[in-house]
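Take a look at the structure set out below.
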Amino acid sequence: GQSNLTTMAAATNVMDTTEAPQIIEHIHKSLTHTPYETKWVPCSARLVCMGIYPKAKGALQVFEMSQGELTLVSETQKPHGIKCGTFGASSIEERHLACGDYAGNLSIYDLSNQDAPLFSVQAHSQIINAIDGIGGQDVGYGAPELVTGGRDGCVRVWDPRVAEPVVSLEPDDGQSVRDCWTVAFGNSYNDEERCVAAGYDNGDIKLFDLRTNTLRYETNVANGVTGVEFDRRDIEMNKFAVTTLESKFRVYDARTQHPTEGLAYLSEKAHKSTVWLARHLPQNRDLFMTGGGNGGFNVYKYSYPSARTTTAKDNHPMGVAGSVELLNSRVMSTQPIVSFDWSPDKQGLCTLACLDQTLRVYIVTKLHKY
């Protein structure tokens with residue numbers, strides 16, 4: 001009994017609500033479709049929601065936040081369900097949305113006229129599971145690019161004006177095709193450097209260097225990789241989070257790669273179900289949230305070790321993993337949180353989509369204290 005009390009005391013200590021960030025629901029909106037992606041429209045009080053209607057058509061909606069409500073600004077139906085989207089390769093003035101759909105099409109829309117795409121290409125032979133964009137907003141260096149990952153096992157990098165991929169990373173002939181579930185840009189700290197991280201259904205993680213066109217690092221985490229995200233896209237690779245099936249996530253230190261041991265990482269259990277995604281706070285790269293298959297929303301703080309490198313037996317430098325602290329958590333649904341986006345403009349404001357066909361806006365308070 002005593003040990004239980006101690007554990008409970010320790011748990012209450014961690015969750016000391018006076019200091020901990022509070023996770024507060026601001027808006028709860030029911031939808032007539034299943035949402036897969038929601039994003040803030042940069043520099044606005046608007047957000048987009050993408051998904052699939054019961055008859056397998058695509059949903060593309062724009063909402064405006066006003067007086068504690070979400071007002072529908074526009075809604076268009078697309079030929080195929082939309083799985084993912086990003087504003088990352090578009091300028092803040094244009095705010096063009098790039099989407100990937102169930103039929104493998106990559107399309108770019110102007111939100112003021114969503115009827116026909118500005119650009120569309122058959123990017124993959126099957127569903128596009130994930131997309132990321134870079135170089136468009138006042139973030140990072142280099143040309144605007146998109147990266148898509150598909151069920152066909154391919155990862156492709158696109159110049160948003162050209163119908164052929166800049167880079168196509170495909171499974172070798174004769175290899176079994178692994179479903180690519182997640183892609184992310186990083187290391188874009190000057191006009192030459194840029195990396196893409198990709199995660200696959202068999203637990204593979206691959207880090208491609210787009211400047212040298214080489215595979216920089218690969219590993220297997222033994223569970224399907226649902227999400228990967230660098231803490232910042234536009235700095236020299238610092239760290240990245242990897243979320244997986246079987247209630248686990250990892251944070252890799254990307255600064256120091258040992259020739260044989262690779263990258264140092266920490267592993268954490270969370271949500272008692274699939275961890276669907278991790279998203280770093282734009283205003284503080286050492287705070288991040290995870291979304292779970294149990295409808296749970298966790299907020300963590302990453303702490304660096306006293307020394308980030310050590311010397312291995314072979315005299316090569318080797319990375320040292322840090323640690324994470326759970327600052328607070330809240331279960332908000334019985335269904336998974338499948339999409340999450342922190343507001344780039346207002347710290348702690350966030351939008352998320354749940355498979356219970358809801359779109360929510362939350363406010364996470366006190367993040368400035370960390």
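Residue under question is residue 43, and the condition is that it be at positive phi and either of a type outside the set (Lys, Arg) or part of a loop (DSSP other than H, G, I, E, B) (or both); does it hold? Working first, answer last.
Details: at positive phi: yes; either of a type outside the set (Lys, Arg) or part of a loop (DSSP other than H, G, I, E, B) (or both): yes.
So residue 43 fits the description; yes.
Candidates 148, 219: the one that is modelled with pLDDT of 95 or more, surrounded by 18 or more Cβ atoms within 10 Å (Cβ to Cβ), polar (S, T, N, Q) and touching a strand residue (DSSP E or B) at 6+ places or on another chain (Cβ under 7 Å) is 148.
Annotation note: of 239, 248, the sole residue that is among the basic types (Lys, Arg) and crowded, with 22+ Cβ neighbours inside 10 Å is 239. Number of residues in region 117-138 that are free of Cβ contacts under 8 Å to residues at least 24 places away in the same chain and either in a loop (DSSP other than H, G, I, E, B) or open to solvent by less than 10 Å² (accessible area, probe 1.4 Å) (or both): the value is 2.
Is there a residue in region 352-367 that is among the charged types (D, E, K, R), open to solvent by 30 Å² or more (accessible area, probe 1.4 Å), out of contact with any strand residue (DSSP E or B) (no Cβ under 7 Å at 6 or more places or on another chain) and within 27 Å of residue 34 (Cα to Cα)? Explain how you work it out, then say what you get.
Of all residues in region 352-367, those among the charged types (D, E, K, R) come to 356, 360, 366.
From what is left, the residues that are open to solvent by 30 Å² or more (accessible area, probe 1.4 Å) are 356, 366.
Filter again for out of contact with any strand residue (DSSP E or B) (no Cβ under 7 Å at 6 or more places or on another chain), leaving 356, 366.
Applying the additional criterion that residues be within 27 Å of residue 34 (Cα to Cα) yields 356.
Yes - at least one qualifying residue is present in region 352-367.
Results for (1) touching a Gly at 6+ places or on another chain (Cβ under 9 Å); (2) closer than 16 Å to residue 156 by Cβ, shown as yes or no for each residue.
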{"residue": "182", "(1), (2)": "yes, yes"}
{"residue": "185", "(1), (2)": "yes, yes"}
{"residue": "191", "(1), (2)": "yes, no"}
{"residue": "200", "(1), (2)": "yes, yes"}
{"residue": "204", "(1), (2)": "no, no"}
{"residue": "219", "(1), (2)": "yes, no"}
{"residue": "222", "(1), (2)": "yes, no"}
{"residue": "229", "(1), (2)": "yes, no"}
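When residue 273 is tested against (1) in contact with a strand residue (DSSP E or B) (Cβ under 7 Å, 6 or more places away or on another chain); (2) within 30 Å of residue 365 (Cα to Cα); (3) modelled with pLDDT of 95 or more, only condition (3) is not met. Screening region 233-348 for strands (runs of 3 or more DSSP E) wholly inside it with 1 or more residues that are of a type in the set (Ser, Thr, Tyr) returns the ranges 239-244, 248-253, 265-269, 284-292, 296-303, 309-311, 323-331, 337-342. Among the criteria (1) open to solvent by 30 Å² or more (accessible area, probe 1.4 Å); (2) under 28 Å from residue 29 (Cβ atoms); (3) small (Gly, Ala, Ser), the one residue 292 does not fulfil is (1). For the residues 101, 159, the requirement of being touching a Pro at 6+ places or on another chain (Cβ under 9 Å) and modelled with pLDDT under 95 singles out 159. Residue 68 versus (1) modelled with pLDDT under 95; (2) touching a Lys or Arg at 6+ places or on another chain (Cβ under 9 Å); (3) surrounded by fewer than 21 Cβ atoms within 10 Å (Cβ to Cβ): which is the lone unmet condition? Only one criterion is unmet by residue 68, namely (2).
Within region 317-348, track down each residue that is hydrophobic (A, V, I, L, M, F, W, C), out of contact with any Phe, Trp or Tyr (no Cβ under 7 Å at 6 or more places or on another chain) and surrounded by fewer than 19 Cβ atoms within 10 Å (Cβ to Cβ). Can you show your working first?
Of the residues in region 317-348, the ones hydrophobic (A, V, I, L, M, F, W, C) are 318, 320-321, 324, 326-327, 331-332, 337-338, 340, 342.
Cutting the leftovers down to out of contact with any Phe, Trp or Tyr (no Cβ under 7 Å at 6 or more places or on another chain) gives us 318, 320, 331, 340, 342.
Hits for region 317-348 are 320, 331.
Taken over region 153-193, the residue count meeting the criterion of being out of contact with any strand residue (DSSP E or B) (no Cβ under 8 Å at 6 or more places or on another chain) and open to solvent by less than 20 Å² (accessible area, probe 1.4 Å) is 0. For residue 95, the criteria (1) open to solvent by 10 Å² or more (accessible area, probe 1.4 Å); (2) touching a strand residue (DSSP E or B) at 6+ places or on another chain (Cβ under 6 Å); (3) free of Cβ contacts under 8 Å to residues at least 60 places away in the same chain hold in every case but one, which is (2).
The values are calculated or read from the model by the stated rules, or taken from the named source; none is laboratory data. Please read these numbers as outputs of a predicted model, since none were measured by experiment. Please note: Cβ atoms are built from the backbone with ideal geometry, for glycine as well, and neighbour counts cover all protein chains shown. Calculation scope for accessible area: heavy atoms of the full protein, side chains included, ligands and nucleic acids excluded. Shrake-Rupley method; radii C 1.70, N 1.55, O 1.52, S 1.80 Å.
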